[in-house]
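Some notes on the structure that comes next.
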Amino acid sequence: AMVAEVNETGEVTVEGEFVGKLDGFRFRADKGAGGAEEKTIKAAALQALAPQFHLRADRFYNAPDTEIDFTEQGGLMWGSSAVGKLIAGQDALKPQVDVFVDDVAGPEVAEKVKRRLQHFIDRKVAALFEPLLNLGRDETLNGLAKGFAFQMVEGLGVLPRAAVADDVKALDQDARGALRKHGVRFGQFTIFMPLLLKPAPTRLRLVLWSLTKGLSEFPESPPPGLVTIPVEAGAPEGADTMSGYRNAGSRAIRIDMLERLADMLRGEDSRGGFEAKPDMLSITGMTLEQFSELMGGLGYKAEKGEREKVKAAVEKPAEDAAPAADADASTEPAAEDAAPEMEVFYTFTCGGRGQQRQQQRPQGNKPRGKGKPKGKGPAGNKPQKFSAKPKAEKKIDPDNPFAAALQGLVKD
């Protein structure tokens, strides 16, 4: 009987000689030995490793979840060792596991490893998709709201609005309110749950979605914190939605930021045409040229133009400030006028360019209507004459006794 030993790094020695390495629950023989000798050493090593497999299985079963993780291709890792992989289940949110355990380890070890991995992935789904699972389990939802909640669960928390436009239109305000209580947001382009757009749920959503689609190579999740990313050529249809983005031109924009942009665009004249505002470029982190391509991917028409750039007013120097140039400089000939600086701008329209309304203006100074003004003033249609001279006083009749008496009183 040979004695096999395994060190902390998984290296296996038989009678003091290195024969291979234990990777998780699989033995990988050294390539040094060949032919019959290799088979003999491997058989002896595996037989001697039987107790080691059981010890490892016990340690793995009691390991915390922090020591286990899944890869973006659906692999299951224990530290740096591959111990299994995810496979599709009957439900997208209930994936199953396939373990990597050598036959010589026995069915008991394989079952223990499988149970531990299933516990890990079930808890991971429950933690990262808690809002979605609560939505699917809400028994107070009924009718159209319950049906739409089922679609949200099937879509793993993200649905392109165009794909469910009729169902959204059929929801009344009470149904929408019940769904909003679970965090469902009805955006212009996407119906989604904002909490599920975080990096961790997005990473797992892509794996679960890829399993249900039967993909051989899974799309990787985008780096966290990026508002726009390049569109991945050859990616399967729907991968951008599962990644939390929407393809638009050569770049994809994050779903929540797209809805913020849509709120800004809603106030613009999309038929008459509008230009990009600084806030639009700021939230997308794009140049004007990149933004025009993005808008083209969203169904807008971008018309490029060029115009003279308006320069900001230069602040005048103080009166007591010293002149910037010497007196001799005034004798130098003036430089020729520089050509105006030009800038590129884009006008965005959607649904065709609308006709501009023309304002009706009165012609010249002529009064509106026909004929002369009607109506009579104080002097008819003739102009009135005014004089600044005072009216002459009437002379007193000397034959009138009352007038003569009055005149006498005035003189006194």
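Reducing region 89-108 and region 259-307 to their Cα centroids gives an inter-centroid distance of 50 Å. The apolar share of the surface of region 1-106, taken as the fraction of accessible area on carbon and sulfur atoms (1.4 Å probe, ligands and nucleic acids excluded), comes to 49 percent. With all protein chains kept in place, the per residue accessible area of region 12-89 amounts to 52 square angstrom at a probe of 1.4 angstrom. Full extension of the segment from Asp263 to Lys146, taken as 0.36 nm per residue of separation minus the current Cα-Cα distance, would add 39.3 nm.
Taking a point 7 Å out from the Cα of Thr212 in the direction of its Cβ, the residues of region 87-114 whose backbone N falls within less than 18 Å of it are 87-97.
Can you give the FRET efficiency to the nearest 0.05 for His54 and Ile87, using r as the Cβ-Cβ distance and R₀ = 30 Å?
Between His54 and Ile87 the formula returns 0.75.
Counting only protein heavy atoms and using a 1.4 Å probe, what share of the accessible area of region 182-318 belongs to carbon plus sulfur, as a whole percent? After summing per-atom areas, the C and S share lands at 49 percent.
Fully extended, how many nm does the chain gain between Ile229 and Val310 (0.36 nm per residue separation, minus their Cα-Cα distance)? Show your work: numbers first, answer last.
Values: separation 81, 0.36 × 81 = 29.16 nm, distance 3.30 nm.
Length gained between Ile229 and Val310: 25.9 nm.
Heavy-atom accessible surface of region 123-173, averaged per residue, reaches 56 Å², computed with a 1.4 Å probe.
Residues within the reach of a label modelled at Gln96 (point 7 angstrom out along Cα to beta-carbon, backbone nitrogen below 15 Å), restricted to region 203-237, are 211-212, 214. In the structure displayed, which of Lys181/Lys301; Lys85/Lys124; Lys85/Lys198; Lys112/Lys198; Lys31/Lys112; Lys94/Lys114 lie more than 26 Å apart, Cα to Cα? In this structure, Lys181/Lys301; Lys112/Lys198; Lys31/Lys112 lie more than 26 Å apart at Cα. Note on Ala170/Glu130: beta-carbon distance plugged into 1/(1 + (r/R0)^6) with R0 of 35 Å gives a FRET efficiency of 0.80. Distances between placed amide hydrogens fall under 5 Å for Val83 paired with Leu76, Met77, Trp78, all partners being 5 or more residues away or on another chain. For region 177-228, the square roots a ≥ b ≥ c of the C-alpha gyration tensor eigenvalues yield an a/c of 1.5 or more together with a/b exceeding b/c, which makes the shape prolate.
The residues of region 199-274 present an accessible area of 47 Å² per residue when probed at 1.4 Å with all protein chains retained. A Förster distance of 25 Å, applied to the separation of the beta-carbon atoms of Glu289 and Lys198, puts the FRET efficiency at 0.20.
The values are calculated or read from the model by the stated rules, or taken from the named source; none is laboratory data. Remember, it's a predicted structure, so these values are computed and weren't measured experimentally. FYI the Cβ positions are ideal-geometry reconstructions off the backbone, even for glycines, and counts take in every protein chain you see. In case anyone asks, the SASA skips ligands and DNA or RNA and just uses the protein heavy atoms, side chains included. Shrake-Rupley method; radii C 1.70, N 1.55, O 1.52, S 1.80 Å.
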